[in-house]
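Nothing in this text is a laboratory measurement; each read-out follows from the coordinates by a stated rule. Owing to the predicted nature of the structure, the values given are computational and were not obtained by experimental measurement. Counting neighbours? That spans all protein chains shown, and the Cβs are built from the backbone with ideal geometry, glycine included.
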Amino acid sequence: MMKDIRRIAFLVCVFAVGAAPAAWARSRNVIVMIGDGMGFSLIGLSRNYSEFVLRIPPPLALQEALRLGRMGLVSNRSSSHLVTDSAAAATAMACGVRTSNGSIGMDEDGRPLTDIVELAQGQGLAVGVVTTDALSGATPGAFTAHAASRRSSGIIASQQISKRITVLLGGGGEDYDLDAAKKAGYFVMTRKKDLLSPAAQKKNLWLGIFSSAEIPYVDERTPDTPSLKDMTRAALGKLARNDRGFFLMVEGGRIDHAAHANKTPRVFDEVLDFDAAVGAVLEFVKAHPDTTLFLTADHETGGVGLTKKEAGEYYPTAEDFEKGRGLHWLSKDHTAAPVLLVGVGADAASVNGWHDNTDLFQLVKDAFGL
Ligand SMILES: [Zn+2]
């Protein structure tokens, strides 16, 4: 009822002054998707790889997101380094504050910051994180915990359980006390099929741990390993049952790892695994127009490029992609390059121009009208 009154007031305001107020409850649900290390060149080359090697006709889901939504760029320096790490970048996005590399949900003086998940929980929203990295890794960690070091993975894991994050799906089993999680009310899953089990649907809290460390790379998975799309789809179905809406962060965590190793075509398979999850989210957004997706990367990793000189006057073959022929990597580390930001759905229009990664916190708050 209150929401209806606010919506009517919003429309009156729009007609009266011709512009929407800066912050309004336009979105019932907000989904943030982060391709860890997913720079522009990786997106472009993964598209080429999909079309010319895997023979999958375009478009990628990422292209569909761009067609439907609004696009901007994101700068990502941390307070300590021009080249950020995933911990500082995720803290900037989750908490709106630039901090030092390595910090998880804390400012550079070690003070805990309020994150968007805490704000959402305070409003009665369901909250979730889904990743192919360890759930206790830097990106999901900064959205759900506070620690001076990203290496404090056991502390991050125990905070996620004690904060009763509604849905936790990913890897990192060795950091989690599964018995303690069960006692805290979690339904614990370890295999892909558990995501669809009737018993899971009856429980309020989900902890899905599908590997002892990170979820295996696409080319190393078993039938028991869920893809990022499998986990994302299950999380959306679960979270959407909350009356008051939800916040979900989805990370393609292994893009970064494959890019650190300069490993092709593995890195492209990981981008395409992320892309498939984007497709699942777009389906959800189309079916639920009161939802906003913000899709971005935390930084670029590797800085890969394909040059004409080595590739010659031809299209790269599957073997070229396999062996990385004609591909040049700038580094085995992160770069300072800006990354992509796309908004799709109810509050997409707030994506406009060249943002700082700290803006994402405000974009999500504004989308929820917090
Ligand atoms: Zn990295």
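In loop segments of segment 230-268 as defined by DSSP, the trypsin sites (Lys or Arg not before Pro) with at most 16 further C-beta atoms inside 10 Å of their C-beta are Arg241, Arg244. Using a Gaussian network model of the chain with C-alpha springs under 10 Å, which one of Glu118, Glu51, Glu108 is most mobile by mean-square fluctuation? Looking only at Glu118, Glu51, Glu108, the largest GNM fluctuation is found for Glu51.
Largest mean-square fluctuation among Gly208, Gly305, Gly69, in a Gaussian network model of the chain whose springs join Cα atoms under 10 Å apart, belongs to Gly305. Here Lys238 is the anchor, and the aspartates and glutamates within straight C-alpha reach of less than 18 Å, apart from those fewer than 8 places off in the same chain, are Asp194, Asp230, Glu251, Glu283, Asp290. Residues Ser103, Ser80, ranked from the fewest to the most other C-beta atoms within 10 Å, line up as Ser80, Ser103.
Under the shape rule built on the C-alpha gyration tensor, where the axes satisfy a ≥ b ≥ c, segment 284-370 is prolate, since a/c reaches at least 1.5 and a/b is greater than b/c. Which shape class, rounded, prolate or oblate, goes with segment 18-100 when its Cα gyration tensor gives a ≥ b ≥ c as root eigenvalues, a/c under 1.5 marks rounded, and past that a/b bigger than b/c marks prolate? Oblate. 5 Å is the cut-off here: which amide hydrogens, built 1.01 Å from N in the peptide plane, fall below it relative to Gly208, excluding neighbours closer than 5 in sequence? For Gly208, whose amide H was placed from the backbone, the distant partners under 5 Å are Leu168, Leu169, Gly170, Met189. For the residues Met38, Met189, Met93, a GNM of the chain with alpha-carbon springs under 10 Å puts the largest fluctuation on Met189.
For Met106, the amide hydrogen comes within under 5 Å of the amide hydrogens of Leu113, Ala147, counting only partners 5 or more places away or on other chains and with H modelled in the peptide plane. Between Lys323 and Ala148, the simple spin-label model (points 7 angstrom out along Cα→Cβ) gives 5.1 nm. Rounded to whole numbers, the Karplus 3J(HN,Hα) couplings from phi for segment 137-147 are x, 4, 6, x, x, 5, 7, 9, 8, 9, 8 Hz, using 6.51 cos²θ - 1.76 cosθ + 1.60 with θ = phi - 60°, and x at Gly and Pro. For Glu300, the residues whose modelled amide H falls within less than 5 Å of its own, excluding neighbours fewer than 5 places apart on the same chain, are Thr335, Ala337. A DSSP coil position with no more than 15 other Cβ atoms inside 10 Å describes the following GluC sites (Glu not before Pro) in segment 284-370: Glu313. Pairs spanning more than 19 Å between alpha-carbon atoms, out of Lys183/Lys229; Lys182/Lys202; Lys286/Lys365; Lys229/Lys323: Lys183/Lys229; Lys286/Lys365; Lys229/Lys323.
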